[in-house]
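Here is the structure we will look at, set down as structure tokens.
The values are calculated or read from the model by the stated rules, or taken from the named source; none is laboratory data. Predicted, not measured: the structure shown is a model, and the values here were computed from it. No Cβ is skipped: glycine too gets one built from the backbone with ideal geometry, and neighbour counts run over all protein chains shown. SASA here: full protein model, heavy atoms, side chains in, ligands and nucleic acids out. Shrake-Rupley method; radii C 1.70, N 1.55, O 1.52, S 1.80 Å.
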Amino acid sequence: MSAVGNRQRIVNARIVNEGAVIEGDLLIEGGRIAAIGRVPDGPGDVTDAQGAWLLPGMIDDQVHFREPGFTHKGNIASESAAAVAGGITSYMEMPNCNPLTIDQARLNEKRERAARCSLANYAFYLGATNDNLEHIKSVDPASACGVKVFMGASTGDMLVDDPKTLEGIFAATPLLIATHCEDTPTIVANEAAALARYGEDIPIAEHPRIRSEEACYRSSELAVQLAKRHGSKLHVLHLTTARELAHFATGDLAGKRITAEACVHHLFFDESWYAEKGNDIKCNPAIKRAEDREALLAAVNDGRIDVIATDHAPHTREEKSRPYRQAPAGLPLVQHALLSLFEHCRRGLLDATTIARKTAHAPAELFGVRERGFIREGYHADLVLVAEGRTDGGANLFAKCGWSPFAGIEFGHRIEATWVNGVQRFGNGQLLDGPFGQPLEFIR
């Protein structure tokens, strides 16, 4: 491993970038990409990729690292380690911790925490509530990646259901608005019906009917209407249904004001997995039908889905072992996100250039991340090397919770190495020493 400022070469790689794959080498100097193609011999460390895929590190635009307030589930240090082990070099973290990240002071505090312990680069959302509109209006745009609006109750106490507040947020903020879209009254009615039928013994298979297609569609429809009315920059997170895709345009990200994200677990699992996985795949919004999963994959390819992320949200094994209604929603996902996408690549459903575009290029463009997300000369050397080989989805886990929804699943690729700001931080299945990550900078 080399320190920042040293010279490193990655040779004999399949370099995946901006719609093309080229066989060649890459030179890192001073933490930046110095040359791409054929790099002459010289001093410094050499990594022989032996034909493995070299991609820009994933920029995960949706994670919950649980700090502060819920550090028995995870923390910035542990979850960023799992992210780096999975080829994620930058992340954007959500505000539903304790205390909530709903003003400038809390944003500043989170950035200070990350500076002391995050292995990956970092940014944080400002959270919206029914009564913090003035904080949203006055936030320093350079200190937040966006504003997170829970337009449906999930983990935490951040439901925004006041119509005037929603109008104010969509009208006032210059930042990107990222929404969790589920209609709470629909969910409440569906749960009441399930309780009437099953009592407290609601089976996990009811989860996608409680957190239903209708609940998702109603809420995402409202978000899109608000964005169109106010000309807002809207990013709808973790789509789960084929029906919702009608809200979004196909094609390239450039010029879009309304965009959509899909998460790796919604692209991988469907409701047939509940019998085997139970609460281990309980998440909000719920994993739904095979037809929905197939439609989401098709939308990744045609551009209706602009970004792929994780929504990494760890809980302890004890918490997940509780009965359905008491078990929290959320899954630890960062360590196997790229590997799950390469399974689709093996099956001919995605290609490597699409994976790079949706996990790195698109989030960098959408959020205006400065000099990251691409393999370009002069850019930060945030890189992941993905090789063919076996990975056990339940082994060598770095997330603090110590379990994975991918346990029992064997992937056909492995994360060979990860570089963050030009320093190799993961290799041979181990985390490597080095400096902490940097705050993401935005072009605004």
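Between the amide H of Gln424 and those of Ser2, distances stay under 5 Å, these residues lying 5 or more places away or on another chain, with hydrogens modeled in the peptide plane. Here the contact order of the chain, divided by its residue count and restricted to Cα pairs under 8 Å and six or more residues apart, works out to 21 percent.
Under 5 Å from the amide H of Tyr122 lie the amide H atoms of Tyr91, Gln438, Leu440, each residue being 5 or more positions distant or on a separate chain, with H modelled from the backbone and absent for Pro and chain starts.
Kirkwood analysis of the Cα pair distances in the chain returns a hydrodynamic radius of 21.7 Å. What the Cβ-Cβ distance of Glu167 and Ala142 gives, at R0 = 30 Å and to the nearest 0.05, is a FRET efficiency of 0.70.
Here Thr316 and Glu371 are evaluated by their C-beta separation; at R0 = 56 Å the FRET efficiency comes out at 0.90. Between Ala290 and Glu200, residue separation times 0.36 nm minus the direct Cα-Cα distance comes to 29.7 nm. Along the stretch 253-268 the Karplus relation, 6.51 cos²θ - 1.76 cosθ + 1.60 evaluated at θ = phi - 60°, assigns HN-Hα couplings of 5, 3, x, 6, 9, 10, 10, 9, 10, 10, 10, 4, 6, 6, 7, 9 Hz to successive residues, with x for each Gly and Pro. Taking a label point 7 Å from the Cα of Ile443 along the Cα→Cβ vector, which residues of the stretch 58-100 have an amide N closer than 19 Å to it? Of the residues in the stretch 58-100, 58-61, 90-91 have backbone N under 19 Å from the label point off Ile443. For the stretch 126-218, what does the alpha-carbon gyration tensor say about shape, rounded, prolate or oblate, given a ≥ b ≥ c as the root eigenvalues, a/c under 1.5 as rounded, and a/b over b/c as prolate? Prolate, since a/c reaches 1.5 and a/b exceeds b/c. The modelled label-to-label distance between Asp433 and Asp252, using points 7 Å beyond Cα along the C-beta direction, is 4.6 nm. Between the Cα long axis of helix 184-198 and the first principal axis of the chain there is an angle of about 70°, rounded to the nearest 10. Geometric descriptor of the stretch 310-365, per residue, is 110 Å³ (volume of the convex hull of the Cα atoms). Annotation: extensible slack from Glu214 through Gln104 equals 36.1 nm (criterion: 0.36 nm per residue apart, minus Cα-Cα distance).
Rounded to the nearest 10 square angstrom, Ile88 shows an accessible area of 0 square angstrom against a 1.4 Å probe. Sorted from longest to shortest, the spans of the Cα atoms of the stretch 242-353 along the three principal axes equal 45, 29, 23 Å. Our estimate of slack between Thr71 and Ala275, defined as 0.36 nm per intervening residue step minus the Cα-Cα distance, is 70.5 nm. Among Leu333, Leu245, Leu119, the largest mean-square fluctuation in a Gaussian network model of the chain, built with springs joining Cα atoms closer than 10 Å, belongs to Leu245.
Cross-link reach is defined here as a Cα-Cα straight distance under 22 Å, omitting same-chain residues fewer than 8 places apart; for Lys320 the lysines meeting it are Lys73, Lys277, Lys282, Lys288, Lys400. In this structure, the amide hydrogen of Ala417, modeled 1.01 Å from its nitrogen in the peptide plane, lies closer than 5 angstrom to those of Leu385, counting only residues at least 5 positions away or on a different chain. Note on Asp351/Asn396: beta-carbon distance plugged into 1/(1 + (r/R0)^6) with R0 of 25 Å gives a FRET efficiency of 0.35.
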